[in-house]
Amino acid sequence: MPRPERTLPLLFLTARVHSSLRRIQGAAWLLLGLVCASGAAAADWPGWRGPSRDGHSAVGGPALRGLPAEPRRVWRLKIGDGLAAPVVAGSRVYYLDAQDTKETVHAIDRETAEEAWRVTLDDGFRNGQTAPGPRCTPLVDGDRIYVQSCRGELQCRGTRDGQLHWRVNFLRDFRSEAPAEVGNNKGAQRHGFTAAPWVEGNKLIALVGDTHGAGVVCFDKRTGQVLWKSQNDRAANAAPVITTFAATAPRQIVAFTVEGLIGVNLDDGALLWRVPMTTTYGRHVMTPVVVDGIVMVSSKENGLIGVAPAPDPVTHSWRAPIVWEAKEILVNFSSPVAVNGHIYGLGAERNLFCVEVKTGVVKWSKGGFATQSAEKSHLALVAVGSNLLALTETGELVLVAANPTEYRELGRTQACGSNWCNPAYADGRLYLRDGKELTCLELTP
C-alpha cells in the first residue's frame, strides 16, 4: 500500500517547496488582481469627460496608434434629439434623449444595444437656438446613476432597473430662476442646467445656481440630503471639477459660474478664492482644466487664462492670481484636454491649438477643425495615452499626436453625421451620437 504522502500533489512534497510555491502563487494572484483592476478601470467611461473628468481614458486601455480607414460598427441605434453625451459603465451604456417631448433616460446592453430599461426624467426644454432634448451628461457611480434635466430636475436611480432612490428640483426646492425657453438670460437660464454633477466620496456636487446662498450644493449621494450650500452664483454651463493645490490644502471644488471662477472647500462649502469673470450671456461652457496647480478656463469673450490658487503663508487665506493670459485663444463650447504639460483645444479661428500650461505660450495652431463660425463651432477631444482623438462637428474623427513641437496627424476617418456631442471612449471602442443615431465603433484591433 503506497504511503499517503505520495498521493498528494507535488507542491506539498516538502515544506520548503510548499512555502516557495505559496509565495509565487500569491504574487501571481496579486499580479492578476492588478491586471483585472486595471482592465476594469480602463473599461468604463462613467461620466462627463471620462473617469476623472479631464477628457482622459483610464490608464491600462489598449493603445491607439492609428485609425482604421473604416472602423467596424459594432451596433447603431436610432435615438431622439439631445446633446447629452453617452456614458459607459459595467455591461451597459446609458444615454438621454427626447421621447414624445420628454427627457428620457435609457440603459442599453453594451454589446448588443438591447434596451434594459427606460424612464422619463422631465418635460422637454427648447430655447430656439439648438435642437430640443436633454443636454446634461449622466453620471454612474457604483449601482447608482445620477441624471439632471435642463429644467433642474436631479434624480438618483438604480443602474439595475432605473428605480428612483431620491430626487430634488432646483426650481421647486431652491429659489433658482427658471430657465427661459427663449430670451437673453444668462447661463442655465438661457441654455438649461447642463453642468454635469460629480461624486466625491459620499458627496454629490451640483451647480444649483440659486442666488440666495445655494449656488453650489453638496448632497449626500445615497439619500439626497443637503450637506451644505454655498455662494450666490448663477449656474453657467461648465461642469465643476474637484482637485487640490497643495499637500496640506483641503480638497476643493473648482466651478466656472456666470459670475466667474471660484474655489470652495469640499468639506463645508466655504469660499476659498474667486476670480470675477463675466460675459454677455454668461456663456461659460469650458470645464476647468487643472494641471500642476494651474486652473485654465476661457469663454467666447475672454481669452484662455491660467490661474494659480494658493494659500498665503502668512495669513493662510487664499489668493488666486492670474499668472498668464493667452488672449488670442478663445474657447467657446468645447472643453480642452491637457497632456504632458500642454493644453489642446478648439479656438475661435476654428483651429486646434497647443498652449504650454506653465507659461501660456502658444506652441502651434492648426486650422480646419471646424466648418461653422466661432459662435457655432464644436470639437470633442479625448486623450488616449499620448494621442488625441478629435471629433469634429461634421462627424470626422481625427487622431493627432499630443506633440507640443508640431502638429502631427496620425489618422482620419468619417465616424458619424453632424454632431455637437462628446463621445465616450472605453476599451478601444468609441460610443458617439449624432443628430439621429447612437453608434458604437471599434477603433482598435
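The values are calculated or read from the model by the stated rules, or taken from the named source; none is laboratory data. Note that the structure is predicted; figures quoted are calculated from it, not measured. Note that each Cβ is placed from the backbone with ideal geometry, even for glycine, and that neighbours are counted across all protein chains shown.
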Go through the stretch 211-233 and report how many residues are over 15 Å from PRO197 (Cα atoms) and charged (D, E, K, R). 1
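Whether any residue in the stretch 345-354 is within 20 Å of ILE262 (Cβ to Cβ), assigned to a strand (DSSP E or B) and either out of contact with any Pro (no Cβ under 7 Å at 6 or more places or on another chain) or not polar (S, T, N, Q) (or both) is what I want to check.
Taking the stretch 345-354 first, the residues within 20 Å of ILE262 (Cβ to Cβ) are none.
No, every residue in the stretch 345-354 fails to be within 20 Å of ILE262 (Cβ to Cβ), assigned to a strand (DSSP E or B) and either out of contact with any Pro (no Cβ under 7 Å at 6 or more places or on another chain) or not polar (S, T, N, Q) (or both).
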Could you tell me whether the stretch 151-164 includes any residue that is under 20 Å from LEU83 (Cβ atoms), assigned to a loop (DSSP other than H, G, I, E, B) and out of contact with any Ser or Thr (no Cβ under 7 Å at 6 or more places or on another chain)? yes
Out of (1) touching a residue at least 40 places away in the same chain (Cβ under 8 Å); (2) farther than 24 Å from GLY50 by Cα; (3) in a loop (DSSP other than H, G, I, E, B), what's the single condition that is false for TRP364? (3)
Taking the stretch 132-150 on its own, how many of its residues are outside any loop (DSSP other than H, G, I, E, B) and not basic (Lys, Arg)? 7
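Test PHE333 against the criterion of being at pLDDT below 95 and under 26 Å from ALA195 (Cα atoms), and give yes or no. So that I can check it myself, show each step before the final result.
Details: at pLDDT below 95: yes; under 26 Å from ALA195 (Cα atoms): yes.
Criteria met by PHE333.
Across the stretch 130-143, what is the total count of residues that are within 17 Å of the chain's Cα centre (by Cα) and either more than 21 Å from SER377 (Cα to Cα) or hydrophobic (A, V, I, L, M, F, W, C) (or both)? Give the steps one after another, and end with the answer.
Residues of the stretch 130-143 that are within 17 Å of the chain's Cα centre (by Cα), as a first pass: 134-142.
So of that shortlist, the ones also either more than 21 Å from SER377 (Cα to Cα) or hydrophobic (A, V, I, L, M, F, W, C) (or both) come out as 136, 138-142.
Result for the stretch 130-143: 6.
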Filter result (surrounded by 14 or more Cβ atoms within 10 Å (Cβ to Cβ) and not aromatic (Phe, Trp, Tyr)) within the stretch 67-79: LEU67, PRO71, VAL74, ARG76, LEU77, ILE79
Of ARG222, ARG175, ARG190, the only residue that is within 23 Å of the chain's Cα centre (by Cα), modelled with pLDDT under 95 and not hydroxyl-bearing (Ser, Thr, Tyr) is ARG190
Selection from the stretch 391-422 of residues surrounded by fewer than 17 Cβ atoms within 10 Å (Cβ to Cβ) and free of Cβ contacts under 8 Å to residues at least 24 places away in the same chain yields GLU396, ALA401, ARG408, GLU409, GLN414, GLY417
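The rows are residues; the columns are (1) of a type in the set (A, V, I, L, M, F, W, C); (2) more than 17 Å from TRP48 (Cβ to Cβ); (3) modelled with pLDDT of 95 or more.
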| position | (1), (2), (3) |
| --- | --- |
| PRO132 | no, yes, no |
| ASP141 | no, no, yes |
| LEU154 | yes, no, yes |
| ARG157 | no, yes, yes |
| GLN163 | no, yes, yes |
| TRP166 | yes, yes, yes |
| ASN169 | no, yes, yes |
What are the residue pairs meeting all of these: first residue in the stretch 148-164, first residue over 19 Å from ARG190 (Cβ atoms), second residue hydroxyl-bearing (Ser, Thr, Tyr) and outside any loop (DSSP other than H, G, I, E, B), Cβ atoms under 6 Å, and 6 or more apart or on different chains? CYS156/TYR146
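For the condition in a helix (DSSP H, G or I) and either modelled with pLDDT under 50 or under 30 Å from GLN155 (Cβ atoms) (or both), what is the one hit in ALA40, ALA85, ALA98, ALA58?
Details: ALA85 fails: in a helix (DSSP H, G or I); ALA98 fails: in a helix (DSSP H, G or I); ALA58 fails: in a helix (DSSP H, G or I).
Criteria check complete, one pass: ALA40.
If a residue has to be assigned to a strand (DSSP E or B) and either exposed (fewer than 14 other Cβ atoms within 10 Å of the Cβ) or within 25 Å of the chain's Cα centre (by Cα) (or both) to count, how many in the stretch 311-321 make the cut?
If we filter the stretch 311-321 for residues that are assigned to a strand (DSSP E or B), which is where we start, we get 311, 318-319.
With either exposed (fewer than 14 other Cβ atoms within 10 Å of the Cβ) or within 25 Å of the chain's Cα centre (by Cα) (or both) added as a condition, the list becomes 319.
Counting residues in the stretch 311-321 that are assigned to a strand (DSSP E or B) and either exposed (fewer than 14 other Cβ atoms within 10 Å of the Cβ) or within 25 Å of the chain's Cα centre (by Cα) (or both) gives 1.
Return yes or no: is ALA348 small (Gly, Ala, Ser), over 13 Å from PRO404 (Cα atoms) and more than 21 Å from the chain's Cα centre (by Cα)? If you could, list the steps in order and put the result at the bottom.
Working: small (Gly, Ala, Ser): yes; over 13 Å from PRO404 (Cα atoms): yes; more than 21 Å from the chain's Cα centre (by Cα): yes.
Yes, satisfied.
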